[in-house]
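First the structure, then my questions, so here it is.
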Amino acid sequence: MRRFRRLLVGLGVVLAGSFQAGLPVRGEESKVKVLGESAAYDQVGKLAVMHAGRVKPLDTVAREEVKHVFGRETIKLHDASNTLVETWGPVAAFLDWMVRPEFWDDQPFVLVDYLPLRQAILTDSTRSRLKDVAARESTSAEDRTALSRLAESTEFTTAAITAYLNGSKLPEADRKTVAELASRLGEEHKWLTPRELEDARVSHKGQATAFMEWVASLDEQKRKFDANPGSVERLTETERRAIDAGRRLMTYKAYSGDEMRSAGIVRVMPRPFSFKALGYVTQVIKNARGSKSLRDLAPIEFDTLKALDTYWNDIPRDQRVEPGENAQLDEKFSAWLRDSSVWVPLKVLLKAKPENLVEVGYPEAEVNAFLAAY
(Lines give C-alpha, C1' and ligand atoms only; values in the text may rest on other atoms or scores of the structure.)
Protein backbone atom coordinates (compact mmCIF):
# COMPACT_ATOMS: atom_id res chain seq x y z
CA MET A 1 0.00 0.00 0.00
CA ARG A 2 2.83 2.38 0.83
CA ARG A 3 4.39 1.79 -2.57
CA PHE A 4 1.09 2.61 -4.30
CA ARG A 5 0.88 5.85 -2.33
CA ARG A 6 4.44 6.92 -3.14
CA LEU A 7 4.08 6.31 -6.85
CA LEU A 8 0.72 8.02 -7.14
CA VAL A 9 2.23 11.09 -5.51
CA GLY A 10 5.19 10.77 -7.88
CA LEU A 11 2.90 10.65 -10.88
CA GLY A 12 1.33 13.82 -9.57
CA VAL A 13 4.71 15.51 -9.68
CA VAL A 14 5.15 14.47 -13.30
CA LEU A 15 1.69 15.60 -14.39
CA ALA A 16 2.07 18.83 -12.48
CA GLY A 17 5.36 19.47 -14.29
CA SER A 18 3.59 21.62 -16.87
CA PHE A 19 2.97 24.18 -14.13
CA GLN A 20 6.71 24.38 -13.44
CA ALA A 21 7.92 24.21 -17.02
CA GLY A 22 7.53 27.86 -17.92
CA LEU A 23 9.33 29.33 -14.95
CA PRO A 24 12.99 30.35 -15.09
CA VAL A 25 14.47 29.16 -11.81
CA ARG A 26 17.87 30.82 -11.73
CA GLY A 27 17.28 34.44 -12.33
CA GLU A 28 14.99 36.18 -14.78
CA GLU A 29 17.93 37.89 -16.44
CA SER A 30 19.43 34.64 -17.75
CA LYS A 31 16.20 33.56 -19.48
CA VAL A 32 17.36 29.95 -19.09
CA LYS A 33 14.70 27.62 -17.70
CA VAL A 34 16.07 25.12 -15.20
CA LEU A 35 13.66 22.20 -15.03
CA GLY A 36 13.45 19.10 -12.89
CA GLU A 37 15.72 20.22 -10.07
CA SER A 38 13.60 20.11 -6.93
CA ALA A 39 12.99 18.07 -3.79
CA ALA A 40 9.93 16.55 -5.46
CA TYR A 41 11.97 15.09 -8.32
CA ASP A 42 14.61 13.95 -5.83
CA GLN A 43 11.89 12.00 -4.04
CA VAL A 44 10.55 10.47 -7.26
CA GLY A 45 14.11 9.49 -8.16
CA LYS A 46 14.30 7.29 -5.08
CA LEU A 47 11.54 4.98 -6.33
CA ALA A 48 12.77 1.43 -6.84
CA VAL A 49 12.22 0.25 -10.42
CA MET A 50 12.97 -2.95 -12.30
CA HIS A 51 15.26 -2.31 -15.27
CA ALA A 52 17.18 -4.88 -17.31
CA GLY A 53 16.44 -7.51 -14.70
CA ARG A 54 17.75 -5.49 -11.76
CA VAL A 55 16.09 -3.32 -9.13
CA LYS A 56 17.56 0.18 -9.13
CA PRO A 57 16.51 3.67 -8.03
CA LEU A 58 14.71 5.50 -10.83
CA ASP A 59 17.36 8.23 -10.53
CA THR A 60 20.08 5.74 -11.48
CA VAL A 61 18.22 4.51 -14.55
CA ALA A 62 17.43 8.08 -15.63
CA ARG A 63 21.05 9.20 -15.30
CA GLU A 64 22.33 6.18 -17.25
CA GLU A 65 19.91 6.57 -20.13
CA VAL A 66 20.01 10.36 -20.39
CA LYS A 67 23.81 10.29 -20.38
CA HIS A 68 23.82 7.64 -23.10
CA VAL A 69 21.56 9.73 -25.36
CA PHE A 70 22.81 13.25 -24.59
CA GLY A 71 26.36 12.57 -23.44
CA ARG A 72 25.81 14.17 -20.02
CA GLU A 73 23.38 13.62 -17.15
CA THR A 74 21.79 17.08 -17.46
CA ILE A 75 20.25 17.92 -20.82
CA LYS A 76 20.87 21.41 -22.20
CA LEU A 77 18.56 22.52 -24.99
CA HIS A 78 19.65 25.22 -27.44
CA ASP A 79 17.59 27.18 -29.95
CA ALA A 80 18.35 27.48 -33.66
CA SER A 81 20.99 30.13 -33.00
CA ASN A 82 22.72 27.76 -30.53
CA THR A 83 21.65 29.84 -27.52
CA LEU A 84 21.00 27.88 -24.32
CA VAL A 85 17.29 28.10 -23.42
CA GLU A 86 16.54 25.16 -21.06
CA THR A 87 18.27 22.64 -18.83
CA TRP A 88 16.62 19.42 -17.68
CA GLY A 89 17.55 17.25 -14.71
CA PRO A 90 17.84 13.54 -15.59
CA VAL A 91 14.69 12.29 -13.82
CA ALA A 92 12.52 15.07 -15.24
CA ALA A 93 13.85 14.57 -18.78
CA PHE A 94 13.57 10.77 -18.63
CA LEU A 95 9.94 10.89 -17.48
CA ASP A 96 9.06 13.66 -19.90
CA TRP A 97 10.33 11.57 -22.82
CA MET A 98 7.47 9.19 -22.06
CA VAL A 99 4.84 11.85 -21.38
CA ARG A 100 5.62 14.34 -24.18
CA PRO A 101 7.42 12.62 -27.06
CA GLU A 102 5.88 15.16 -29.44
CA PHE A 103 7.97 17.83 -27.68
CA TRP A 104 11.22 15.88 -27.47
CA ASP A 105 11.08 14.62 -31.06
CA ASP A 106 11.91 18.18 -32.18
CA GLN A 107 14.54 19.03 -29.56
CA PRO A 108 18.28 18.78 -30.38
CA PHE A 109 19.54 16.42 -27.67
CA VAL A 110 20.71 13.25 -29.44
CA LEU A 111 24.50 13.41 -29.41
CA VAL A 112 26.13 13.37 -32.86
CA ASP A 113 29.53 14.79 -31.97
CA TYR A 114 31.49 13.75 -35.07
CA LEU A 115 31.33 16.62 -37.57
CA PRO A 116 31.71 14.58 -40.80
CA LEU A 117 28.77 12.40 -39.72
CA ARG A 118 26.64 15.39 -38.80
CA GLN A 119 27.40 16.96 -42.19
CA ALA A 120 26.38 13.73 -43.95
CA ILE A 121 23.12 13.56 -42.01
CA LEU A 122 22.24 17.21 -42.67
CA THR A 123 23.27 17.32 -46.34
CA ASP A 124 19.87 16.43 -47.79
CA SER A 125 17.84 18.77 -45.56
CA THR A 126 20.35 21.63 -46.02
CA ARG A 127 20.17 21.30 -49.79
CA SER A 128 16.36 21.32 -49.68
CA ARG A 129 16.25 24.43 -47.46
CA LEU A 130 18.69 26.32 -49.70
CA LYS A 131 16.60 25.49 -52.76
CA ASP A 132 13.46 26.70 -50.98
CA VAL A 133 15.07 30.07 -50.25
CA ALA A 134 16.35 30.34 -53.81
CA ALA A 135 12.85 29.73 -55.21
CA ARG A 136 11.19 32.55 -53.25
CA GLU A 137 10.00 35.60 -55.15
CA SER A 138 11.78 37.88 -52.69
CA THR A 139 15.16 36.37 -53.62
CA SER A 140 17.11 38.42 -56.17
CA ALA A 141 18.34 36.86 -59.38
CA GLU A 142 21.94 37.17 -58.21
CA ASP A 143 21.19 35.43 -54.90
CA ARG A 144 19.07 32.81 -56.65
CA THR A 145 21.99 31.89 -58.88
CA ALA A 146 24.44 31.77 -55.96
CA LEU A 147 22.06 29.73 -53.77
CA SER A 148 21.32 27.26 -56.56
CA ARG A 149 25.05 26.79 -57.14
CA LEU A 150 25.61 26.34 -53.39
CA ALA A 151 22.74 23.85 -53.16
CA GLU A 152 24.43 21.56 -55.68
CA SER A 153 27.46 21.11 -53.42
CA THR A 154 28.25 17.53 -52.47
CA GLU A 155 29.24 18.64 -48.97
CA PHE A 156 28.03 21.61 -46.93
CA THR A 157 30.19 23.46 -44.41
CA THR A 158 29.71 26.40 -42.12
CA ALA A 159 32.51 28.26 -43.92
CA ALA A 160 30.95 27.86 -47.38
CA ILE A 161 27.48 28.98 -46.30
CA THR A 162 28.87 31.88 -44.27
CA ALA A 163 30.97 33.00 -47.22
CA TYR A 164 27.81 33.13 -49.35
CA LEU A 165 25.95 35.11 -46.67
CA ASN A 166 28.69 37.72 -46.45
CA GLY A 167 27.99 38.79 -50.03
CA SER A 168 24.25 38.13 -50.21
CA LYS A 169 21.36 40.58 -50.26
CA LEU A 170 18.69 38.25 -48.88
CA PRO A 171 15.78 39.63 -46.83
CA GLU A 172 16.43 39.49 -43.09
CA ALA A 173 14.18 36.50 -42.43
CA ASP A 174 15.87 34.46 -45.16
CA ARG A 175 19.33 35.51 -43.98
CA LYS A 176 18.41 34.19 -40.55
CA THR A 177 17.25 30.88 -42.05
CA VAL A 178 20.49 30.39 -43.97
CA ALA A 179 22.58 31.51 -40.97
CA GLU A 180 20.89 28.84 -38.86
CA LEU A 181 21.80 26.24 -41.45
CA ALA A 182 25.43 27.34 -41.20
CA SER A 183 25.31 27.21 -37.41
CA ARG A 184 23.97 23.65 -37.37
CA LEU A 185 26.93 22.52 -39.46
CA GLY A 186 29.43 24.04 -37.02
CA GLU A 187 31.77 22.15 -34.72
CA GLU A 188 30.03 23.38 -31.57
CA HIS A 189 26.58 22.16 -32.61
CA LYS A 190 26.87 18.55 -31.38
CA TRP A 191 23.22 17.47 -31.07
CA LEU A 192 20.41 16.73 -33.51
CA THR A 193 16.70 16.15 -33.00
CA PRO A 194 15.21 12.64 -33.14
CA ARG A 195 13.07 13.75 -36.08
CA GLU A 196 16.12 15.01 -38.00
CA LEU A 197 17.76 11.62 -37.61
CA GLU A 198 14.64 9.64 -38.49
CA ASP A 199 13.92 11.79 -41.56
CA ALA A 200 17.53 12.02 -42.74
CA ARG A 201 18.62 10.36 -45.96
CA VAL A 202 22.32 9.76 -46.50
CA SER A 203 24.27 8.76 -49.59
CA HIS A 204 25.07 5.04 -49.39
CA LYS A 205 26.42 3.07 -52.35
CA GLY A 206 25.26 5.81 -54.69
CA GLN A 207 21.69 5.87 -53.36
CA ALA A 208 19.79 8.04 -50.88
CA THR A 209 19.12 5.77 -47.89
CA ALA A 210 17.16 6.43 -44.71
CA PHE A 211 19.57 7.01 -41.84
CA MET A 212 18.35 4.11 -39.68
CA GLU A 213 18.40 1.73 -42.66
CA TRP A 214 22.01 2.76 -43.21
CA VAL A 215 22.77 2.18 -39.52
CA ALA A 216 21.20 -1.30 -39.69
CA SER A 217 23.36 -2.24 -42.68
CA LEU A 218 26.46 -0.89 -40.94
CA ASP A 219 25.65 -2.85 -37.80
CA GLU A 220 25.39 -6.03 -39.86
CA GLN A 221 28.68 -5.21 -41.59
CA LYS A 222 30.36 -4.72 -38.21
CA ARG A 223 29.09 -8.08 -36.94
CA LYS A 224 30.45 -9.82 -40.04
CA PHE A 225 33.82 -8.07 -39.72
CA ASP A 226 34.09 -8.97 -36.01
CA ALA A 227 33.36 -12.61 -36.86
CA ASN A 228 35.64 -12.72 -39.92
CA PRO A 229 37.76 -9.62 -40.71
CA GLY A 230 38.43 -10.86 -44.21
CA SER A 231 34.77 -11.15 -45.20
CA VAL A 232 33.87 -7.45 -45.40
CA GLU A 233 35.54 -4.06 -45.27
CA ARG A 234 36.37 -2.44 -41.96
CA LEU A 235 34.00 0.39 -41.03
CA THR A 236 35.24 3.93 -41.43
CA GLU A 237 35.25 6.32 -38.49
CA THR A 238 32.12 8.03 -39.84
CA GLU A 239 30.35 4.67 -40.11
CA ARG A 240 31.31 3.64 -36.58
CA ARG A 241 30.02 6.94 -35.26
CA ALA A 242 26.79 6.45 -37.23
CA ILE A 243 26.12 3.20 -35.33
CA ASP A 244 26.66 5.05 -32.04
CA ALA A 245 24.23 7.80 -33.06
CA GLY A 246 21.66 5.23 -34.19
CA ARG A 247 21.85 3.45 -30.85
CA ARG A 248 21.33 6.73 -29.01
CA LEU A 249 18.24 7.42 -31.10
CA MET A 250 16.90 3.91 -30.46
CA THR A 251 17.43 4.32 -26.71
CA TYR A 252 15.27 7.43 -26.74
CA LYS A 253 12.66 5.80 -29.00
CA ALA A 254 12.48 2.81 -26.67
CA TYR A 255 11.12 5.07 -23.92
CA SER A 256 9.15 7.64 -25.92
CA GLY A 257 5.96 7.15 -27.92
CA ASP A 258 3.31 4.49 -27.48
CA GLU A 259 5.26 1.40 -28.46
CA MET A 260 6.34 -0.95 -25.67
CA ARG A 261 9.86 -2.05 -26.56
CA SER A 262 11.50 -4.52 -24.21
CA ALA A 263 14.74 -2.53 -24.20
CA GLY A 264 12.90 0.50 -22.82
CA ILE A 265 10.66 -1.11 -20.21
CA VAL A 266 11.14 0.21 -16.70
CA ARG A 267 8.84 -1.56 -14.28
CA VAL A 268 7.81 0.39 -11.23
CA MET A 269 4.74 -0.96 -9.43
CA PRO A 270 3.24 -4.34 -8.45
CA ARG A 271 -0.07 -5.21 -10.09
CA PRO A 272 -3.36 -4.83 -8.22
CA PHE A 273 -4.75 -8.24 -7.27
CA SER A 274 -8.08 -7.44 -5.59
CA PHE A 275 -11.53 -8.59 -6.71
CA LYS A 276 -11.89 -5.18 -8.36
CA ALA A 277 -8.67 -5.72 -10.30
CA LEU A 278 -9.97 -9.05 -11.61
CA GLY A 279 -13.15 -7.31 -12.75
CA TYR A 280 -11.01 -4.87 -14.72
CA VAL A 281 -9.27 -7.79 -16.45
CA THR A 282 -12.68 -9.12 -17.50
CA GLN A 283 -13.63 -5.71 -18.90
CA VAL A 284 -10.36 -5.50 -20.85
CA ILE A 285 -11.05 -8.91 -22.40
CA LYS A 286 -14.43 -7.62 -23.51
CA ASN A 287 -12.87 -4.44 -24.93
CA ALA A 288 -10.26 -6.46 -26.82
CA ARG A 289 -12.90 -8.65 -28.43
CA GLY A 290 -14.83 -5.59 -29.54
CA SER A 291 -11.84 -3.78 -31.06
CA LYS A 292 -10.57 -4.18 -34.61
CA SER A 293 -6.96 -4.27 -33.45
CA LEU A 294 -5.17 -4.64 -30.14
CA ARG A 295 -3.38 -1.41 -31.06
CA ASP A 296 -6.68 0.37 -30.39
CA LEU A 297 -6.45 -0.53 -26.71
CA ALA A 298 -5.03 1.91 -24.16
CA PRO A 299 -1.48 1.02 -23.01
CA ILE A 300 -2.74 -0.07 -19.59
CA GLU A 301 -5.34 -2.34 -21.22
CA PHE A 302 -2.77 -3.91 -23.53
CA ASP A 303 -0.39 -4.49 -20.62
CA THR A 304 -3.20 -6.12 -18.63
CA LEU A 305 -3.83 -8.53 -21.52
CA LYS A 306 -0.12 -9.35 -21.71
CA ALA A 307 -0.13 -10.24 -18.01
CA LEU A 308 -3.17 -12.47 -18.47
CA ASP A 309 -1.57 -14.15 -21.50
CA THR A 310 1.58 -14.84 -19.48
CA TYR A 311 -0.48 -16.42 -16.69
CA TRP A 312 -2.58 -18.54 -19.06
CA ASN A 313 0.57 -19.87 -20.76
CA ASP A 314 1.73 -21.21 -17.38
CA ILE A 315 -1.45 -23.10 -16.43
CA PRO A 316 -3.39 -26.05 -17.89
CA ARG A 317 -5.79 -25.21 -20.72
CA ASP A 318 -8.86 -26.27 -18.73
CA GLN A 319 -8.04 -23.62 -16.10
CA ARG A 320 -7.93 -20.74 -18.58
CA VAL A 321 -11.24 -19.13 -17.73
CA GLU A 322 -12.15 -15.46 -17.51
CA PRO A 323 -12.07 -13.88 -14.05
CA GLY A 324 -15.48 -14.06 -12.40
CA GLU A 325 -16.41 -17.49 -13.73
CA ASN A 326 -14.74 -19.65 -11.06
CA ALA A 327 -14.03 -18.36 -7.54
CA GLN A 328 -11.33 -20.94 -6.83
CA LEU A 329 -9.44 -20.17 -10.04
CA ASP A 330 -9.86 -16.44 -9.35
CA GLU A 331 -8.01 -16.91 -6.06
CA LYS A 332 -5.13 -18.60 -7.89
CA PHE A 333 -4.98 -15.80 -10.47
CA SER A 334 -5.07 -13.17 -7.72
CA ALA A 335 -2.22 -14.91 -5.89
CA TRP A 336 -0.19 -15.01 -9.12
CA LEU A 337 -0.76 -11.28 -9.70
CA ARG A 338 0.39 -10.60 -6.15
CA ASP A 339 3.40 -12.91 -5.99
CA SER A 340 4.62 -13.77 -9.48
CA SER A 341 3.56 -11.22 -12.08
CA VAL A 342 6.13 -8.73 -13.32
CA TRP A 343 5.61 -5.13 -12.23
CA VAL A 344 3.66 -2.66 -14.32
CA PRO A 345 5.81 -0.63 -16.77
CA LEU A 346 6.34 2.99 -15.78
CA LYS A 347 5.34 4.18 -19.26
CA VAL A 348 1.97 2.42 -18.93
CA LEU A 349 1.19 4.23 -15.68
CA LEU A 350 2.33 7.61 -16.98
CA LYS A 351 0.07 7.27 -20.02
CA ALA A 352 -2.97 6.14 -18.01
CA LYS A 353 -5.62 8.69 -17.17
CA PRO A 354 -5.48 9.25 -13.40
CA GLU A 355 -9.20 8.61 -13.00
CA ASN A 356 -8.76 5.20 -14.62
CA LEU A 357 -6.30 4.06 -11.97
CA VAL A 358 -9.16 3.25 -9.58
CA GLU A 359 -10.80 1.12 -12.28
CA VAL A 360 -7.57 -0.82 -12.69
CA GLY A 361 -7.62 -1.65 -8.98
CA TYR A 362 -5.24 0.78 -7.34
CA PRO A 363 -6.24 2.00 -3.84
CA GLU A 364 -9.09 4.48 -4.15
CA ALA A 365 -8.06 6.64 -1.18
CA GLU A 366 -4.57 7.26 -2.62
CA VAL A 367 -5.94 7.90 -6.11
CA ASN A 368 -8.53 10.36 -4.77
CA ALA A 369 -5.82 12.17 -2.82
CA PHE A 370 -3.72 12.27 -5.96
CA LEU A 371 -6.60 13.73 -7.99
CA ALA A 372 -7.38 16.28 -5.29
CA ALA A 373 -3.77 17.42 -5.19
CA TYR A 374 -3.24 17.58 -8.95
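In region 277-299, is there at least one residue being in contact with a Pro (Cβ under 9 Å, 6 or more places away or on another chain) and of a type in the set (Ser, Thr, Tyr)?
yes
Going through Ala141, Ala160, Ala216, Ala208 one at a time, which residue ends up being within 33 Å of the chain's Cα centre (by Cα), without any contact (Cβ under 8 Å) to a residue 60 or more places away in the chain and either within 28 Å of Ile243 (Cβ to Cβ) or not assigned by TED's automatic domain parsing to the domain that holds Leu84 (or both)?
Details: Ala141 fails: within 33 Å of the chain's Cα centre (by Cα); Ala160 fails: within 33 Å of the chain's Cα centre (by Cα); Ala208 fails: without any contact (Cβ under 8 Å) to a residue 60 or more places away in the chain.
When all the criteria are applied, what remains is Ala216.
So, one more: Glu220: outside any helix (DSSP H, G or I) and surrounded by fewer than 16 Cβ atoms within 10 Å (Cβ to Cβ), yes or no? If you could, list the steps in order and put the result at the bottom.
Numbers: outside any helix (DSSP H, G or I): no; surrounded by fewer than 16 Cβ atoms within 10 Å (Cβ to Cβ): yes.
Spelling it out, it is not the case that Glu220 is outside any helix (DSSP H, G or I) and surrounded by fewer than 16 Cβ atoms within 10 Å (Cβ to Cβ).
Filter region 48-105 down to the residues that are in a helix (DSSP H, G or I) and among the hydroxyl-bearing types (Ser, Thr, Tyr) and list them by number.
Selection gives Thr60 alone.
Now, a different point. Return yes when Ala48 is at pLDDT below 85 and not assigned by TED's automatic domain parsing to the domain that holds Ala352 and no when it is not.
Considered against the rule, which asks whether it is at pLDDT below 85 and not assigned by TED's automatic domain parsing to the domain that holds Ala352, Ala48 comes out as no.
So, in region 158-186, how many residues would count as being over 28 Å from Ala216 (Cβ atoms) and in a loop (DSSP other than H, G, I, E, B)?
Within region 158-186, residues that are over 28 Å from Ala216 (Cβ atoms) and in a loop (DSSP other than H, G, I, E, B) number 6.
Here are some residues: Glu301, Glu233, Glu237. Which one is surrounded by 13 or more Cβ atoms within 10 Å (Cβ to Cβ) and charged (D, E, K, R)?
Glu301
Here is a follow-up. Scan region 344-365 and report the pairs whose first residue is closer than 19 Å to Gly279 by Cα and whose second residue is among the basic types (Lys, Arg) and assigned to a loop (DSSP other than H, G, I, E, B), with Cβ atoms within less than 7 Å and a gap of 6+ or a chain change.
If the second residue must be among the basic types (Lys, Arg) and assigned to a loop (DSSP other than H, G, I, E, B), the pairs left are Val344/Arg271.
Before we move on, is Thr193 modelled with pLDDT of 95 or more, within 18 Å of the chain's Cα centre (by Cα) and not charged (D, E, K, R)?
Considered against the rule, which asks whether it is modelled with pLDDT of 95 or more, within 18 Å of the chain's Cα centre (by Cα) and not charged (D, E, K, R), Thr193 comes out as yes.
Among the residues of region 339-349, write down those that are assigned to a helix (DSSP H, G or I) and buried (at least 18 other Cβ atoms within 10 Å of the Cβ).
Correct list: Leu346, Lys347, Val348, Leu349.
The values are calculated or read from the model by the stated rules, or taken from the named source; none is laboratory data. These figures come from a predicted structure and were not determined experimentally. No Cβ is skipped: glycine too gets one built from the backbone with ideal geometry, and neighbour counts run over all protein chains shown.
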